[in-house]
Amino acid sequence: MAPSHLRKPPQAPPIFTATPQSVVADAERLIQTSRAIQDKLVAEIKPENATFANVVRPLAQDDNVMGLEAHILGFYQAVSTDSKLRDASSKAEELMDEFFIEAVMREDVFSLFDSVLRRNESLDPESRRLLEKEHKDFVRNGLGLPAGPQRARFKEIKKRLSQLSIEFQKNLNEENGGIWFTPEQLSGVPNDVLDGLKKGENENAGKLWLSFKYPDLFPTMKYASDPETRKQVMIANENKCNQNVPLFREAIVLRDEAARLLGYPNHAAFRIEDKMAKTPETVNKFLGDLRNRLTAGGKQEIEKLRELKKATDPNSDGRYYLWDHRFYDRLMLEKDYSLDQQLIAEWFPLQTTIEGMLKIFEELFGLEFVEIVGEDRASLAPTGQGDDIVWHEDVQVFSVWNDEGEGNGFVGYLYLDLFPREGKYGHAANFNLQPGFIDEDGNRRFPATALVCNFTKPQPKKPSLLKHDEVVTLFHELGHGIHDLVSRTIYSRFHGTSTVRDFVEAPSQMLENWCWTPSQLRSLSRHYSTLSPEYLASWQEAQQSRSGGKTATGPPPERIPDDVIENLIRTKHVNDALFNLRQLHFGIFDMTIHEPKSHADIEALPLSTTYNRLRQEITQMDGPEALGAGSEWGHGEATFGHLIGGYDAGYYGYLR
């Protein structure tokens, strides 16, 4: 039971009771309110009388308040099980985006901001930054162009880009493809995975349905012994969302046109100007230097992996294919480092790992996390219904507090949505639900933030178990969540991860290092068999099966053994060059498509061919093109949500 002072947050959590009708109506209401505030300012204040207090602050406060609802209205499309609600959420986001484009292109409002900037009042640093950023936003969104056809075209492009982004991500979220395989074709894939696959009926009787969701995809690529199965899965996964191919192309071409309208040589120059790197030249030098440093190491790693393939596959043709890598990388770790990822996962049940991670963050940042369950949910819910403060029954919610040393104050709400389901966002990400800020009465408004992941669901005889790379992923995303929670800003514009894009990954990447620290790995670990008698019996049954019927001599150690930790840490940089070359492929492709020499060049650029060619050149792994499939065999760019969702000309931030 949590201490009494940690059971009654001073701010109610948000509620998730929207309907398809209410989502769109709420978006329209927010837009109407915000537009009325802008109209009132323009009607009542002349440019010569404009100040920060009577122009910028009221609009910033409106932005603060709008964010309390707007983020959640757009969030439903990523998590709701109701397809109509997801559609309505997408529509609401489109309406709000169109309004934001309209608002930032209002010349009458800009003239007030311009006057405030010229007044050069004495302001606190955050208010000064807000004024300068907002002023620059007007210019970067078309008001530097003369009124007329060019500005109208720019506005048209911005609206279309918003529509493309929403449709692209919606297609990814709604993707539900897969392949029917016989058990023989999936030989080598762990039974835990096979047991969770849908069983076929009628013409698919005796077969198993393998989806492209992470809990199915990654184990298959790592463990399926049949290279044809891995090849088929890999190629199908690259083509799972081909309806996004024309959307991606249209977005890239329109971005370039918009940048050139504003006087920039390309979209990369436009985007990077506002980041830490400042210029594409800085980014290209950084990526080029990394490529030079990594290429030789990658070649050496591939040679070792190719030798392993020759030694274990009598049918090897001497090539090292894309669909080989996860399989032989895993096999090398097992053979050369005695590292069994399936075994290691037994010490990382999802729920106890989360508890351990939260304890680490409690110690690092002086926080306390209190899970809100049962009657406490109902007592906190503004509606009195506990189910209303989550959007799905799987979701966990925590109230977050400063510890005694930090003053015991409330920090905000943390939500965890960890398992895949139909229509849900398919990767791992942190979503801000409500920003933090100082309201117009001088009181702090506390944030709410959500981790949305896709880990393996618990099974009757075994909990959800995390591979070590999944432990790293969870720590990374939780790092974003903590960044969101502990942020302290006056204005929601700068809250949490709303910082320059080439910095935003740095805190999470830094925090990942805890997943490679022996003492922390030990404290995070707890063998699943110690969690319940049923799990112990399940583990004993599995051991008996593995040992050919012999009974297990005793229970496993509760904490992960030191020798297993040592083996794990020894592998931290194994095949590291290839891992980073894969990231470099994404970063260089991103820059290649966003800095063409001319607009005609980007219109003519074959995007899928470029994506596949760069991957082969940079990673040095062969794809289907080596077998005569041509250069358009896959459309990986159509699944690359980062480049449509805000990381355009910014993926290099993952490599900093």
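The values are calculated or read from the model by the stated rules, or taken from the named source; none is laboratory data. Please read all numbers here as calculations on a predicted model, not as lab measurements. Here the Cβ is made from the backbone with ideal geometry for all residues, glycine too, and neighbour counts use every protein chain on show. Only protein heavy atoms, including side chains, enter the accessible area calculation; ligands, DNA and RNA are left aside. Shrake-Rupley method; radii C 1.70, N 1.55, O 1.52, S 1.80 Å.
Okay, here's what the table says:
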read-out: Kirkwood hydrodynamic radius of region 112-202, from inverse mean 1/r over distinct Cα pairs, in Å; value: 19.1 Å
read-out: When region 10-102 is reduced to its Cα atoms, the Kirkwood hydrodynamic radius in Å; value: 14.5 Å
read-out: Debye, to nearest 20: dipole size of region 462-504, +1 on Lys, Arg Cβ, -1 on Asp, Glu Cβ; value: 120 debye
read-out: Charge dipole (the chain, unit charges on Cβ, about Cα centre) - positive-most of TYR535, ALA152, ALA268; value: ALA268
read-out: Heavy-atom accessible area per residue - region 508-572, 1.4 Å, Å²; value: 57 Å²
read-out: Among beta bridges that DSSP assigns inside the chain, antiparallel share in %, nearest 5; value: 80 percent
read-out: Listed residues CYS515, ILE31, GLY366: farthest to the positive end of the dipole of the chain (Cβ charges); value: CYS515
read-out: With 10 Å bins from 0: P(r) over region 511-656, alpha-carbon pairs, percent; value: 9, 24, 21, 17, 20, 7, 2, 0
read-out: Computed lengthening from ASP439 to ARG319, 0.36 nm per intervening residue step minus Cα-Cα distance; value: 37.0 nm
read-out: Relative pair counts by distance (%), Cα atoms of region 143-260, 10 Å bins; value: 12, 31, 21, 15, 12, 7, 2
read-out: Residues of region 101-127 with amide N under 15 Å of a point placed 7 Å along Cα→Cβ from ASN49; value: 112, 116
read-out: Kirkwood-type radius of region 352-402, with distances r between different C-alpha atoms, in Å; value: 12.0 Å
read-out: Whole-percent carbon and sulfur share, accessible surface of the chain, 1.4 Å; value: 50 percent
read-out: Inter-label distance for GLN540 and LYS461, nm, one decimal - labels placed 7 Å from Cα along Cα-to-Cβ; value: 1.4 nm
read-out: Difference of contour (0.36 nm per residue) and Cα-Cα distance, THR499 to LYS285; value: 74.7 nm
read-out: Calculated FRET value between GLU98 and GLN396, using beta carbons and R₀ = 35 Å, to 0.05; value: 0.50
read-out: FRET efficiency for SER187 and GLU632, using Cβ-Cβ distance with R0 set to 25 Å, rounded to 0.05; value: 0.20
read-out: Computed [θ] at 222 nm, deg cm²/dmol, the chain (DSSP H ≥ 4; -39,500 (n - 2.57); rounded to nearest 500); value: -16500 deg cm²/dmol
read-out: Charge dipole of region 318-457 about the Cα centre (unit charges at C-beta), most positive-ward option of GLN396, GLN385, GLY412; value: GLN396
read-out: Net charge dipole size for region 101-193 [Lys, Arg +1 and Asp, Glu -1 on Cβ; Debye, nearest 20]; value: 680 debye
read-out: Cross-link table LYS91/LYS133; LYS170/LYS461; LYS8/LYS198; LYS133/LYS285; LYS231/LYS299; LYS170/LYS359, entries beyond 32 Å C-alpha to C-alpha; value: LYS170/LYS461; LYS8/LYS198; LYS170/LYS359
read-out: Accessible area, probe 1.4 Å, largest first, for residues ASP324, ASP376, ASP340; value: ASP340, ASP376, ASP324
read-out: The chain: DSSP helices with Cα axial extent of at least 24 Å and average Kyte-Doolittle hydropathy no lower than -1.0; value: 20-44, 57-79, 83-103, 245-261, 280-312, 468-486, 576-594
read-out: Translational diffusion coefficient (Stokes-Einstein; Kirkwood radius from C-alpha pairs) of the chain at 4 °C, 1.567 mPa s, in µm²/s; value: 48 µm²/s
read-out: Length gained when the stretch ASN567-LEU364 is fully extended (0.36 nm per residue, less Cα-Cα span); value: 70.4 nm
read-out: Cβ-placed point charges (K, R +1; D, E -1), dipole of the chain about Cα centre in debye, nearest 20; value: 1020 debye
